[in-house]
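Visitor: Structure in structure tokens, see below.
The values are calculated or read from the model by the stated rules, or taken from the named source; none is laboratory data. Just so it is clear, the model here is predicted, and its values are computed rather than measured. Don't worry about glycine lacking a Cβ; one is built from the backbone with ideal geometry, like all the others, and counts go over all protein chains shown. Each accessible area value is taken on the protein alone, full model and side chains, heavy atoms only, with ligands, DNA and RNA left out. Shrake-Rupley method; radii C 1.70, N 1.55, O 1.52, S 1.80 Å.
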Amino acid sequence: MMQILKMVAIGAIVLAFAGCQETQSQAVQVANQGLAQMMAASQITDTIGMLLNGERSARGLSLVRPSAQLARVALGHAQDMEQRDFFSHVSSNGRTLAARARAAGYGFCFIAENIAQGQDTVAEVHVEWMNSQGHRDNNLSPNVTEFGIALVDDSWVLVLGKDGC
């Protein structure tokens, strides 16, 4: 996140020195949009982490932590589903979750994915996942140590995994 903010800030500085007032204000708008999206992503991550850990704690399971790598895997798949208008665990180019995770450099010994579309809030998508046996099994797997979540338009992707092993 900081790297994106630095790149946006550098771009805004370069534009300021170029003296182009209209382009400079566009850069500020883009920076503000990027910051709002990052804040929203952070809130989604915090909320799903709290909900997952509440469920896991109540059952004596270990808590999970956010993973930037898994968040990137989730984001890529959510973007793919939205841009190409499909809903599947297999990407538009035929890659499975395992292949997408490996391509992102995530060396897992356990990996799982929950997807959903149309829910308005993190709480709503979490309840739906907990009411679906397969999704519930993923959320409560004793093998899971970390997660990444993404929301693009109305496509939700939660990737749960255990790195290394």
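Visitor: Between residues in segment 112-134 that are under 20 Å from E146 (Cα atoms) and residues that are part of a loop (DSSP other than H, G, I, E, B) and of a type in the set (S, T, Y), which pairs lie under 7 Å by C-beta distance while being six or more apart or on different chains?
Guide: A112/S141
Visitor: Could you give me the residue pairs with C-beta distances under 7 Å whose first residue belongs to segment 148-165 and is among the polar types (S, T, N, Q), whose second residue is modelled with pLDDT of 95 or more and assigned to a strand (DSSP E or B) wherever it lies, and which are 6+ apart or on separate chains?
Guide: Short answer, once both residue conditions are applied: S155/Q117.
Visitor: Can you report the number of residues in segment 124-164 which are of a type in the set (D, E, K, R) and touching a helix residue (DSSP H, G or I) at 6+ places or on another chain (Cβ under 9 Å)?
Guide: Residues flagged as of a type in the set (D, E, K, R) and touching a helix residue (DSSP H, G or I) at 6+ places or on another chain (Cβ under 9 Å) within segment 124-164 amount to 6.
Visitor: Return the total of residues in segment 27-61 being of a type in the set (A, V, I, L, M, F, W, C), open to solvent by 70 Å² or more (accessible area, probe 1.4 Å) and modelled with pLDDT of 95 or more.
Guide: 2
Visitor: For D137, indicate whether it is out of contact with any Phe, Trp or Tyr (no Cβ under 7 Å at 6 or more places or on another chain) and at pLDDT below 95.
Guide: So D137 fails the test.
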